[in-house]
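J.: Take this structure first; my questions come after.
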Amino acid sequence: MTKEERYQASAEELLRLVGGKENIISAAHCATRLRLVLKDEARADVDGILKVDLVKGQFANGGQFQIIIGSGTVNEVYKRFIETGGIAEATKSEVKQAAAQKMNPLQRLVKTLSDVFVPLIPALVASGLMMGLNNVLTANGLFIPGQSLVEAYPALSDIAAMINTFASAAYAFLPILIGFSATKMFGGNPYLGAVIGMIMVSGDLLNAYAYGTAVTEGTIPVWNILGLTIEKVGYQGTVLPVLAASYILSFVEKKLHKYIPEILDNLLTPLLTVMITGFVTFTVVGGIMRTAGDMLTNSFVWMHDTLGIVGGMVLGFLYSPLTMTGMHHSLLPVDIQMVAAGGSFLLAIASCNNVAQGGATLCAMLRTKDKKLKSVAATSGVSAMLGITEPAMFGVNLKLKYPFYGAMIGAALGGGYVTLTNVLNTAPGTAGIVGFVCVPASSMLNFLIGTVISIAAGFIFTYIMSNMKKFNKELEKKETAEETADMPADIFPETEKGVVCSPLTGKAIPMSEVPDDTFAAEVLGKGMAVIPSEGKVVAPCHGEVSTLFDTKHAIGITTKDGVELLIHVGVNTVELNGKYYEAHVAQGDQVKPGQALLTFDIQKIQEAGYPVATPVIIANTDDYKNVEGLKNGEVHCMEPLIKLEEA
């Protein structure tokens, strides 16, 4: 059986033994283990799991069902595990969160809004760009003094009219889209949610945009039902009322399914669900939520109009942290509502943020020494300019940190300018350079100036901070590399074959003393451990970095003699998600003895409650007749630590 066949067979067997896809809430992996959150751990066949090829152990801890597989191999098994089961890939932090089942109200609100609106973004962006194209065709003086393209070339008028019809549909019937998406997210029948959305924008109702005029003229149509006077007013351009209606519909539907006999369920449940939800929406909830939406919108408008350039700079500065946490999705309903009211300033602010991230990323591309990061930065920087910031933000800027700070400053300066010049978008669109098509012709130039300011400022401030040791950790790595290069060539002499040197300075201890059953039992392989006195891991030999996790708590090296070495800094430190760790190499790099691999903050890791005992494991122990430790007690990096005897 080939390696690939073993990986696939083990993945399929593990999926069956843990209870199948339906028993899995979340799945991720760390340097050595599959980390699963199961609905019912009792359904997992532990005895069977322990007999699976490639599995070296199993235990449950903190709500996580962990299956020990080993460095390198776990990546391959995990990949096939989620592919076979059709399971969504999760990060370790997401698995931990699912296990703890802890989400505060704000997190739940943000996730709810994200789950509702993210699926709608393609439709909204497509419509917004079509509106922008219509703006280009009908804007007076944009290309021809005193005339629009449609006026100068009448043959374009019907094309513009058709594009406008296509563009306005999604916004005219937005409650239908929201009703479908929100009801699906709340666990109800999404088609009933769409029906409620249709009812709320029905042509039999007074259009919401005409409500103000009807109030002035005293011509608001009403229903008179059992002594109640109910206004027949639609909910065009609103967001919160249909969100509330969707939640009510889902709640009512679930209750009716529970109490109505099965024989009548398909007949009565949809009927009663729509009638009850519709009645409650038009009598109570709709009006309250319409008012709440207006208040939320007015608060943002007040900040924009009253604080002026200061408010714009504050919004620009904070937009990156909002994006990082996902809270920027909560602004989408506000943006839609402000667009419906005549214009929103949020697209310009968001665009300044996105292009500032792009400018900072391109500067980081020039400043970083990491070849892999350079490649990622080149493509993600351009992507951020066009409105897709996640690759740049999470793949480059947050890793290096100083580009993220530079982007925040760039976004603040650009945000201040577009606020000062009152740039408003008349349709939601892509928050990037191309967003200019969604603003009136009179504001297009100021929009572009604002984005240029953001790009330039993001680039410049990133460059400044890249030269400051306080922000740029690579400066420390450079000094370390220069110090190593200046040392005599024989300061780290090649050790004799079959001897592995210590990658750390500290106290060497037997693996049995590591405070973790998996390591202590040498399930992952034999070796030694070091309790570090210095927060630095160096390469103990010539070799290639075969494994380096994003969490930076573990690194694997394959030596030129074929030794597979795993250095795992601390116990359960994967849960720190890279906090207090810094990597100085990338996966695939060739390293030489004494070269800095990782640095870490011993004190902060211990204060966070994690032991720093660092196992140095021979992952391919089975390839050797004997693996034994050479030293206990004080040890310096590059001193012999482990002896290998060929089989």
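The values are calculated or read from the model by the stated rules, or taken from the named source; none is laboratory data. None of these values were measured; they are calculated from a predicted model. Cβ coordinates were reconstructed from backbone atoms using ideal geometry, including for glycine residues, and neighbour counts include every protein chain displayed. These area figures cover heavy atoms from the full protein model, side chains too; ligands, DNA and RNA do not enter into them. Shrake-Rupley method; radii C 1.70, N 1.55, O 1.52, S 1.80 Å.
J.: Assigned to a helix (DSSP H, G or I), exposed (fewer than 14 other Cβ atoms within 10 Å of the Cβ) and modelled with pLDDT under 75: is that true of residue 299 in this structure?
T.: So residue 299 fits the description; yes.
J.: Right, another one. Would you check which residues across the range 560-584 are open to solvent by 10 Å² or more (accessible area, probe 1.4 Å), in contact (Cβ under 8 Å) with a residue 40 or more places away in the chain and either β-branched (Val, Ile, Thr) or more than 17 Å from residue 597 (Cα to Cα) (or both) and list them?
T.: Scanning the range 560-584 gives 561, 562, 563, 572, 575, 577.
J.: Go through the range 141-155 and report how many residues are in contact with a helix residue (DSSP H, G or I) (Cβ under 7 Å, 6 or more places away or on another chain) and of a type in the set (S, T, N, Q).
T.: Going through the range 141-155 one residue at a time, the tally reaches 1.
J.: Being assigned to a helix (DSSP H, G or I), surrounded by fewer than 15 Cβ atoms within 10 Å (Cβ to Cβ) and within 29 Å of the chain's Cα centre (by Cα) narrows it down to one residue among 76, 4, 83, 12; which is it?
T.: 83
J.: Filter the range 180-207 down to residues that are of a type in the set (Gly, Ala, Ser) and without any contact (Cβ under 8 Å) to a residue 60 or more places away in the chain and give me whichever is most open to solvent (accessible area, probe 1.4 Å).
T.: Taking the candidates together, the pick is 203.
J.: Hey, can you tell me all the residues within the range 346-373 that are open to solvent by less than 10 Å² (accessible area, probe 1.4 Å) and free of Cβ contacts under 8 Å to residues at least 60 places away in the same chain?
T.: 361
J.: Scanning for something among the hydroxyl-bearing types (Ser, Thr, Tyr) and either free of Cβ contacts under 8 Å to residues at least 60 places away in the same chain or open to solvent by 10 Å² or more (accessible area, probe 1.4 Å) (or both), does the range 335-345 turn up at least one residue?
T.: No, the conditions are met nowhere in the range 335-345.
J.: Here is a follow-up. Among the residues of the range 466-480, how many are part of a helix (DSSP H, G or I) and either modelled with pLDDT of 90 or more or open to solvent by 70 Å² or more (accessible area, probe 1.4 Å) (or both)?
T.: 3
J.: Take the range 219-239 and flag every residue that is within 13 Å of residue 197 (Cβ to Cβ) and touching a Gly at 6+ places or on another chain (Cβ under 9 Å).
T.: Listed by number, the residues that qualify are 234, 235, 238, 239.
J.: Moving on to the next point. Select from the range 515-546 the residues that are buried (at least 23 other Cβ atoms within 10 Å of the Cβ) and among the β-branched types (Val, Ile, Thr) and write down the one among them that is farthest from residue 587 (Cα to Cα).
T.: Out of the qualifying residues, it is 530.
J.: Going by what's in this entry, would residue 43 be described as charged (D, E, K, R), open to solvent by 20 Å² or more (accessible area, probe 1.4 Å) and out of contact with any helix residue (DSSP H, G or I) (no Cβ under 7 Å at 6 or more places or on another chain)?
T.: no
J.: Please work out if residue 460 is part of a strand (DSSP E or B) and either at pLDDT 95 or above or closer than 30 Å to residue 572 by Cβ (or both).
T.: Taking the combined requirement at face value, the residue does not satisfy it.
J.: Okay, moving on. Being touching a strand residue (DSSP E or B) at 6+ places or on another chain (Cβ under 7 Å) and within 25 Å of residue 617 (Cα to Cα) is the filter here, so list the residues in the range 15-40 that pass it.
T.: 28, 29, 31, 32, 33, 34, 35, 36
J.: Looking at (1) exposed (fewer than 14 other Cβ atoms within 10 Å of the Cβ); (2) under 21 Å from residue 339 (Cα atoms), can you tell me which one residue 228 breaks?
T.: (2)
J.: So which residues in the range 409-424 are closer than 30 Å to residue 551 by Cβ and either open to solvent by 20 Å² or more (accessible area, probe 1.4 Å) or among the acidic types (Asp, Glu) (or both), if there are any at all?
T.: 409
J.: Among the candidates 230, 260, 276, which residue alone is farther than 20 Å from residue 116 by Cβ, of a type in the set (Val, Ile, Thr) and within 39 Å of the chain's Cα centre (by Cα)?
T.: The match here is 276.
J.: In a helix (DSSP H, G or I) and open to solvent by less than 10 Å² (accessible area, probe 1.4 Å): is that true of residue 382 in this structure?
T.: No.
Yes/no matrix, rows are residues, columns are (1) in contact (Cβ under 8 Å) with a residue 40 or more places away in the chain; (2) under 23 Å from residue 228 (Cβ atoms); (3) of a type outside the set (S, T, N, Q); (4) in a helix (DSSP H, G or I):
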{"position": "250", "(1), (2), (3), (4)": "yes, no, no, yes"}
{"position": "264", "(1), (2), (3), (4)": "no, no, yes, yes"}
{"position": "273", "(1), (2), (3), (4)": "yes, yes, no, yes"}
{"position": "276", "(1), (2), (3), (4)": "no, yes, yes, yes"}
{"position": "280", "(1), (2), (3), (4)": "no, yes, yes, yes"}
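J.: Could you give every pair whose Cβ atoms fall below 8 Å, whose first residue belongs to the range 153-172 and is part of a helix (DSSP H, G or I), and whose second residue is among the β-branched types (Val, Ile, Thr), counting only separations of at least 6 or pairs across chains?
T.: Filtered contacts from the range 153-172: 156/150; 157/150; 160/138; 160/150; 171/336; 171/339; 172/201.
J.: Which is surrounded by 15 or more Cβ atoms within 10 Å (Cβ to Cβ), modelled with pLDDT under 85 and assigned to a strand (DSSP E or B), of 26, 71?
T.: None of the others qualify; the one that does is 26.
J.: State the number of residues belonging to the range 600-627 that are over 17 Å from residue 519 (Cβ atoms), touching a residue at least 12 places away in the same chain (Cβ under 8 Å) and out of contact with any Ser or Thr (no Cβ under 9 Å at 6 or more places or on another chain).
T.: 6
J.: For the range 442-462, state whether one or more residues are in contact with a Pro (Cβ under 6 Å, 6 or more places away or on another chain), open to solvent by less than 20 Å² (accessible area, probe 1.4 Å) and touching a residue at least 60 places away in the same chain (Cβ under 8 Å).
T.: The answer is yes; a qualifying residue exists.
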